[in-house]
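Encoded as structure tokens, the structure appears first; notes follow it.
The values are calculated or read from the model by the stated rules, or taken from the named source; none is laboratory data. Predicted model only: the values in this text are computed from it and were never measured. Cβ placement follows ideal geometry from the backbone for every residue including glycine, while neighbour counts extend to all protein chains displayed. With ligands, DNA and RNA removed, areas are computed over all heavy atoms of the protein, side chains included. Shrake-Rupley method; radii C 1.70, N 1.55, O 1.52, S 1.80 Å.
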Amino acid sequence: MNEEDHIYFMGLTKRWAGKVFGTNTGNVFLKLDGEDAALNGILRINEPGAVVTYNVQGTFEAPRLTLTGQPNLEIEGVVLGELTAFGEMTARGEIRGDWESAIGTGGTFHLFPHEHDEPREVGPREHHTARHDFGAIEIERDEIAQLAESLRSEFTNLIVTVQTETVIAQYLDDFKTWEPTSEKADLVRIFAEDRSENRAVTIEFGQHVNWAMVQGADEAWVRGRLGIVRETVSQYERTYVTNFKQWGIGINQVMLLAAIVFLPSLEGLLDRSILMSVILALILGVNWFHSRYVPFSAIYLRERKRGLLGKTWHGAVSWGIGIIAAVIATLAATYLEGALELSAPAIEVPALESTPEPQDG
């Protein structure tokens, strides 16, 4: 072997499987015992029509393996002779070499390690997942970096994915120096993973749902880490009229519930239909205004002007729309009930002077 193929050999693996080629061909299985300097074991060769076994002895002086063997049974009609084999271990851990017997047969062989004495390390039997959905989010690029940085104490593999016209995934350090071409993003995802501990945290902000998920083998750690993430993200949440943070409902549900409670006070089916039509139209209008002017996730990739209006205008628009919708719904309900009289101002019509009819004669 040259220097590039140099490997450090430990004790020889004791179980091998492979093939022999030459005057005899077939599958082989070699099981060894003892130290490398004094090996012994059984060699089984599956030739067409017969299985031949040899008692073998040998040595392994890295990377060279030397074996001699004697057949341990007689097969009628088959002549067997003492076996000698020489092989070298490759950098991939396989053994290739030549074999020959006392009766003149010979060829090559190729062995692969099939050791299974050491139990394989398996993953944990339990895997816990905890998830939390957030309300509306307003966040800037530096704040995204800070949020991801808060996970670095437990995770070294931190990836930030940003979706604009295209999708780009970067390591956190690259994200910090990245120069985006778009002012806003439609989606951002932070993914932190520690495979050695079987732990992962995912935080995603999008136009339809904002959520965080923590996974791991330790249930207490999963729940505790999710609590820390919730507390950290809460500073970027915005309370809009479509979603009251404390109760998880919005102005649309309130208007619909109020309309259902109010319907029995209306006498005619026509009035009830009009009220429900007005409420449904208001709900659709509120949703349209919010989707158009108040995004569920406002994700800024470039520096923007920071001022009181810049921080609060999304919430102000949301509550303004909600108040207007509530006022219209209230006016419609009270008018249909008859409690609101919309009388037009009286218009005085000037009296017309009568013209006397001409008299005959």
Every residue from the range 32-57 that is closer than 15 Å to PHE86 by Cα and more than 53 Å from the chain's Cα centre (by Cα): VAL56, GLN57
Some residue of the range 275-298 being at pLDDT 80 or above, in a loop (DSSP other than H, G, I, E, B), open to solvent by less than 50 Å² (accessible area, probe 1.4 Å) and more than 23 Å from VAL254 (Cα to Cα): no
Count of the range 147-176 residues which are among the aliphatic types (A, V, I, L, M) and closer than 14 Å to LEU301 by Cβ: 4
Output for the range 211-237, where each listed residue is modelled with pLDDT under 90, surrounded by 15 or more Cβ atoms within 10 Å (Cβ to Cβ) and not in a loop (DSSP other than H, G, I, E, B): TYR236, GLU237
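Would you pick out the residues in the range 141-164 that are assigned to a strand (DSSP E or B) and among the polar types (S, T, N, Q)?
Scanning the range 141-164 gives ASN157, THR161, GLN163.
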Of all residues making up the range 52-79, the number that are at negative phi and modelled with pLDDT under 80: 7
Any pair with Cβ under 9 angstrom, 6 or more apart, that starts in the range 269-282 at a residue that is in contact (Cβ under 8 Å) with a residue 40 or more places away in the chain and ends at one that is among the aromatic types (Phe, Trp, Tyr) and part of a helix (DSSP H, G or I): LEU275/PHE262
Lone qualifier among LEU342, LEU257, LEU269, LEU308 - being over 30 Å from GLU143 (Cβ atoms), at pLDDT below 65 and open to solvent by 70 Å² or more (accessible area, probe 1.4 Å): LEU342
Positions within the range 165-186 being assigned to a strand (DSSP E or B) and surrounded by fewer than 17 Cβ atoms within 10 Å (Cβ to Cβ), in sequence order: VAL167, ILE168, ALA169, GLN170, TYR171, LYS184
Residues (modelled with pLDDT under 90, under 30 Å from GLY26 (Cβ atoms) and either touching an Asp or Glu at 6+ places or on another chain (Cβ under 6 Å) or surrounded by 12 or more Cβ atoms within 10 Å (Cβ to Cβ) (or both)) located in the range 110-164: PHE112, PRO113, HIS114
The range 95-105 - residue that is crowded, with 17+ Cβ neighbours inside 10 Å, under 17 Å from VAL52 (Cα atoms) and of a type outside the set (Asp, Glu) and, of those, nearest to the chain's Cα centre (by Cα): TRP99
